[in-house]
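The values are calculated or read from the model by the stated rules, or taken from the named source; none is laboratory data. Because the structure is predicted, anything quoted here is derived from the model rather than measured. As a convention, Cβ positions derive from the backbone with ideal geometry for all residues, glycine included, and neighbour counts pool all protein chains shown. The area values use the complete protein model at the heavy-atom level, side chains included, leaving out ligands, DNA and RNA. Shrake-Rupley method; radii C 1.70, N 1.55, O 1.52, S 1.80 Å.
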Amino acid sequence: MSTIKEPSFRESVDLMFNRAVALMDLPPGLEEKIRVCNATYTVRFGVRLRGQIQTFTGYRSVHSEHMEPVKGGIRFAPGVNQDEVEALAALMTYKCALVDAPFGGSKGGLCIDPRDYDEHELELITRRFAYELAKRDLIHPSQNVPAPDMGTSEREMAWIADQYARMNTTDINAKACVTGKPLNAGGIAGRVEATGRGVQYALQEFFRHEEDKAKAGLSGTLDGKRVIVQGLGNVGYHAAKFLSEEDGCKIVGVIERDGGLLDENGLDIEDLRAWISKHDGVDGYPSGRYIKDGAKYLEEDCDILIPAALEGVINLSNAERIQAKLIIEAANGPITAGGDEILRKKGTVIIPDMYANAGGVTVSYFEWVKNLSHIRFGRMQRRQEEARHQLVVDQLEALSESMGKSWSLDPAFKEKYLKGAGELELVRSGLDDTMRTAYQDMREVWHGREDVTDLRTAAYLVSIGKVAGSYRAKGL
Ligand code: NAD
């Protein structure tokens, strides 16, 4: 057992930052400037609900404005507090830098359990919170652009966008004030699935590198790998779905709010998700072994562990017992600094949050660009691309005809080749490229420097280097 005391979430992020920055040659003043959170706004507002006024507390933190707008999700959860929001804002700074999304880091949160309110009440609360933030430019297309996070989804983003538009009737770029909106309210294809899709692309990239797999004691492809997922919400559900349906992974465990399920034959994610929506939990699901203390299943034997729910779930109390060879942090901050130290000593490979869940902000970046350019990606090129491919196919078919039809194009190939890229294909391609490039940047440092022994430190080195470069260029 480690002797260090369990720090808070923000202290954990700072400790990890400090570990990395100690390996860099930054002037102490600049180091401090990057680490600290620039500002946190706390708001308390009242909403009349069920005949009486209820008061809510919300936060919006801006960690770093080396690039603007700043960006980061809005979380609705009962435990939201300033420490958590500031930690998440800091992670956003490093995440955006790592994946070259041109934003500073921010995050927001509202202390509320969304399950306690009906849809109409939630709309009133969300609009009022958005009003409070927008009137201080803490929601603004060129200043601060929120997105969904735990407890919020496209629905809340549509309310926020509409609220901002009502307050700024002449702003032609109003839709770019928030991302993660539904398609019919200025959203982009592929945003809902983006974070889970990014987790899949991250794992695919990891598995392309023999040396990296060897460090985790893994080999082969993703096919048949045994995976445990904590949290079957937006991120966890999409990651589990794509990994099982497209890469052949076996989801042998799922941990949810009310308990965990373990099934060596693999759980059917679509079916389980439908069960959870209907029964508000995994209890009673007809297959798998259920336990009430679901977190115990984090310690079960598996190849890949995907914590995709809360922060701090792997910590001093259980890190020693974690058996997974590879952990990919789909959630933000699921491993505390103390837990991280224990796992590093054990040789567990951790793909860090700032990289692993960057798919969300990456596609949010595409959505923001789409909103500012006022045109759907692919709208100009798609048919022209198809027409050019058709020319090649016509030519080949004429050739085949002239040779007495001694060969022909495979119809499946022809169909695939002819199809021009629409918005969804372009978004996935941009996301895949982002995840591959950022991984390669991290692994270059991981393998290239003797004093760097883990991917998290490598990720911090890459991102802090970029943030420092921006501050230097600005003359700070
Ligand atoms: P979500 O609200 O859609 O899902 C969270 C899931 O976790 C729910 O299914 C919930 O029931 C489950 N859960 C809650 N408490 C739990 C517990 N004690 N044990 C097990 N499961 C529990 O949230 P999300 O958007 O999927 O976010 C999950 C994590 O991913 C958060 O850390 C968030 O910051 C991070 N993240 C989300 C996005 C995004 O685009 N949504 C992007 C980057 C990072």
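Are there any pairs with C-beta distances below 6 angstrom linking a residue in segment 298-326 that is aromatic (Phe, Trp, Tyr) to a residue that is part of a loop (DSSP other than H, G, I, E, B), with the two at least 6 apart or on different chains, and if so which?
none
Restricting to segment 163-179, name every residue that is surrounded by 18 or more Cβ atoms within 10 Å (Cβ to Cβ) and either under 12 Å from residue 72 (Cα atoms) or not aliphatic (A, V, I, L, M) (or both).
Scanning segment 163-179 gives 163, 164, 175, 177, 178, 179.
Collect the residues in segment 265-283 that are loosely packed, with under 11 Cβ neighbours inside 10 Å and away from the ligand (no atom under 11 Å from the Cβ), keeping them in residue-number order.
Once the filter is applied, which keeps residues that are loosely packed, with under 11 Cβ neighbours inside 10 Å and away from the ligand (no atom under 11 Å from the Cβ), segment 265-283 yields 265, 278.
Could you check segment 420-476 and list, in sequence order, the residues that are touching a strand residue (DSSP E or B) at 6+ places or on another chain (Cβ under 8 Å) and in a helix (DSSP H, G or I)?
455, 456, 467, listed by residue number.
Regarding residue 99, is this residue under 18 Å from the mean Cα position of the chain (by Cα), among the aliphatic types (A, V, I, L, M) and open to solvent by 10 Å² or more (accessible area, probe 1.4 Å)?
yes
Considering only segment 325-359, state which residues are within 16 Å of the ligand (Cβ to nearest atom) and part of a loop (DSSP other than H, G, I, E, B).
329, 330, 331, 332, 333, 334, 336, 352, 357, 358
Consider segment 328-347. How many of its residues are touching a strand residue (DSSP E or B) at 6+ places or on another chain (Cβ under 9 Å), over 15 Å from residue 88 (Cβ atoms) and not aliphatic (A, V, I, L, M)?
3
Is it the case, given these coordinates, that residue 232 is buried (at least 19 other Cβ atoms within 10 Å of the Cβ), more than 23 Å from residue 148 (Cα to Cα) and either among the hydrophobic types (A, V, I, L, M, F, W, C) or within 19 Å of the chain's Cα centre (by Cα) (or both)?
Taking the combined requirement at face value, the residue does not satisfy it.
Checking the conditions here, which among 97, 101 is farther than 19 Å from residue 45 by Cα, at pLDDT 95 or above and part of a helix (DSSP H, G or I)?
Just a single option satisfies the conditions, and that option is 97.
Which residues, counting only those in segment 194-212, are surrounded by 18 or more Cβ atoms within 10 Å (Cβ to Cβ) and more than 16 Å from the ligand (Cβ to nearest atom)?
Answer for segment 194-212, where residues must be surrounded by 18 or more Cβ atoms within 10 Å (Cβ to Cβ) and more than 16 Å from the ligand (Cβ to nearest atom): 204, 205, 206, 207, 212.
Pairs needed: first member in segment 143-157, over 16 Å from residue 359 (Cα atoms); second member anywhere, basic (Lys, Arg) and near the ligand (Cβ under 8 Å from one of its atoms); C-beta distance under 7 Å; at least 6 residues apart or different chains.
151/75; 152/75
Looking only at segment 213-251, filter to residues that are away from the ligand (no atom under 16 Å from the Cβ) and in a helix (DSSP H, G or I); which one of those is farthest from residue 331 (Cα to Cα)?
My answer is 214.
Looking at 257, 191 in this structure, which one is within 16 Å of the ligand (Cβ to nearest atom), open to solvent by 10 Å² or more (accessible area, probe 1.4 Å) and within 21 Å of residue 311 (Cβ to Cβ)?
Of the residues listed, the single one that is within 16 Å of the ligand (Cβ to nearest atom), open to solvent by 10 Å² or more (accessible area, probe 1.4 Å) and within 21 Å of residue 311 (Cβ to Cβ) is 257.
What is the one condition in (1) surrounded by 15 or more Cβ atoms within 10 Å (Cβ to Cβ); (2) within 22 Å of residue 203 (Cβ to Cβ) that residue 440 does not satisfy?
Of everything listed in (1) surrounded by 15 or more Cβ atoms within 10 Å (Cβ to Cβ); (2) within 22 Å of residue 203 (Cβ to Cβ), residue 440 misses just condition (1).
Which ones in segment 407-433 are open to solvent by less than 20 Å² (accessible area, probe 1.4 Å) and either more than 26 Å from residue 202 (Cα to Cα) or among the β-branched types (Val, Ile, Thr) (or both)?
427
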